[in-house]
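The structure appears right after this line, and notes come after that.
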């Protein structure tokens, strides 16, 4: 049987950060939710480039265990929401290198810049894989708010896949970069929003699932209290947890 909800996640936290309420609502109603995280391949052996090494230190994760620990966190976060976690084992931008072994993205500016030409083939590869997914009641992909190259590549692949889907607002980028949502949408009149109200109990369940990402929450929010404040602020601003469909497909029934 096809799942009721499939969420495509760039990294091992994005789906739960952005769609935890919708995932929890699906499973609480007896539906099946699947979170597919794309960029989860193990870090390369040997010395990391300085940028990747700095992030590993910030996350307080031991060398050689970064992705294993983060996958474990993702499994726990999805368990708290009653969802299935799947990992596609594609290297994330931090670990992708060119033919000579040089990192494709060396600092924050490049990570949030334009995807390099060497990554162009990823869009087609991911689009083909997305196209083969079994039909689902709803398929969600990142809107790429904030502009991280992995988010942008996954959004482009989702759009190229030919599958009907909605696009979620990438939290917490929606809180950090106030004009980023407008940039991600382009012409707002081309889109139709759909909002899931977040009652306090549902927002708390989303927060508790996010807290499973032990390596990420301190660097993203510093404290559990600050995480909840940002979740509440985002929910007030959007009216809840918001996804977007292009108007050409907005007339499809919501699930």
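The values are calculated or read from the model by the stated rules, or taken from the named source; none is laboratory data. None of the values given here were measured: they were computed from a predicted structure. All Cβ positions, even for glycine, are placed from backbone atoms using ideal geometry, and neighbour counts span all protein chains on display.
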If you check residue 97 against the conditions, is it over 24 Å from residue 208 (Cα atoms), out of contact with any helix residue (DSSP H, G or I) (no Cβ under 7 Å at 6 or more places or on another chain), surrounded by 14 or more Cβ atoms within 10 Å (Cβ to Cβ) and modelled with pLDDT of 95 or more? no
For region 131-147, what are the residues that are surrounded by 23 or more Cβ atoms within 10 Å (Cβ to Cβ) and in contact (Cβ under 8 Å) with a residue 40 or more places away in the chain? 140, 141, 142, 143, 144
Taking only region 134-162 into account, find how many residues are in contact with a strand residue (DSSP E or B) (Cβ under 7 Å, 6 or more places away or on another chain), modelled with pLDDT of 95 or more and in a loop (DSSP other than H, G, I, E, B). 1
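Within region 217-248, how many residues are touching a strand residue (DSSP E or B) at 6+ places or on another chain (Cβ under 9 Å) and either in a helix (DSSP H, G or I) or farther than 25 Å from residue 139 by Cα (or both)? Reasoning before the result, please.
Step one: of region 217-248, the residues touching a strand residue (DSSP E or B) at 6+ places or on another chain (Cβ under 9 Å) are 234-235, 238-247.
The next check asks that each one be either in a helix (DSSP H, G or I) or farther than 25 Å from residue 139 by Cα (or both); those that pass are 234-235, 238.
Number satisfying all stated conditions: 3.
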Going through 79, 22 one at a time, which residue ends up being closer than 27 Å to residue 158 by Cα, in contact with a strand residue (DSSP E or B) (Cβ under 9 Å, 6 or more places away or on another chain), surrounded by 15 or more Cβ atoms within 10 Å (Cβ to Cβ) and at pLDDT 95 or above? 22
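Does region 107-118 hold any residues that are surrounded by 14 or more Cβ atoms within 10 Å (Cβ to Cβ), closer than 13 Å to residue 51 by Cα and touching a helix residue (DSSP H, G or I) at 6+ places or on another chain (Cβ under 7 Å), and which are they? Outline the logic, then answer.
Quick first cut of region 107-118, residues surrounded by 14 or more Cβ atoms within 10 Å (Cβ to Cβ) only: 110-113, 115-116.
If we keep only those that are closer than 13 Å to residue 51 by Cα as well, we get 110-111.
111, the sole residue that qualifies.
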Could you list, ordered by first residue, the pairs with Cβ atoms under 9 Å in which the first is in region 148-165 and at positive phi and the second is modelled with pLDDT of 95 or more and part of a helix (DSSP H, G or I), at least 6 apart or interchain? 162/127; 162/130; 162/131
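Only one residue in 211, 192, 241 is at pLDDT 95 or above and crowded, with 20+ Cβ neighbours inside 10 Å, so which one is that? Spell out the reasoning first.
On the way: 211 fails: crowded, with 20+ Cβ neighbours inside 10 Å; 192 fails: crowded, with 20+ Cβ neighbours inside 10 Å.
Of the residues listed, the single one that is at pLDDT 95 or above and crowded, with 20+ Cβ neighbours inside 10 Å is 241.
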Subset of region 166-180, residues assigned to a loop (DSSP other than H, G, I, E, B) and either free of Cβ contacts under 8 Å to residues at least 40 places away in the same chain or more than 10 Å from the chain's Cα centre (by Cα) (or both), comes to 172, 177, 178, 179
Does any residue of region 197-212 turn out to be farther than 26 Å from residue 57 by Cα, in contact (Cβ under 8 Å) with a residue 40 or more places away in the chain and part of a loop (DSSP other than H, G, I, E, B)? yes
Among (1) in contact with a helix residue (DSSP H, G or I) (Cβ under 7 Å, 6 or more places away or on another chain); (2) closer than 23 Å to residue 141 by Cβ, there is one condition residue 214 misses while meeting the rest; what is its number? (2)
If you check every pair at least six apart or on different chains, which have Cβ atoms under 6 Å apart with a residue in region 233-244 that is at positive phi first and a residue that is at pLDDT 95 or above second? 239/195; 240/195; 240/196; 240/197; 240/198
Could you run through region 115-133 and say how many residues are assigned to a loop (DSSP other than H, G, I, E, B), closer than 30 Å to residue 1 by Cβ and out of contact with any strand residue (DSSP E or B) (no Cβ under 8 Å at 6 or more places or on another chain)? 1
For the structure I just gave you, tell me whether residue 192 is touching a helix residue (DSSP H, G or I) at 6+ places or on another chain (Cβ under 9 Å), farther than 21 Å from residue 78 by Cα and either touching a residue at least 40 places away in the same chain (Cβ under 8 Å) or assigned to a helix (DSSP H, G or I) (or both). no
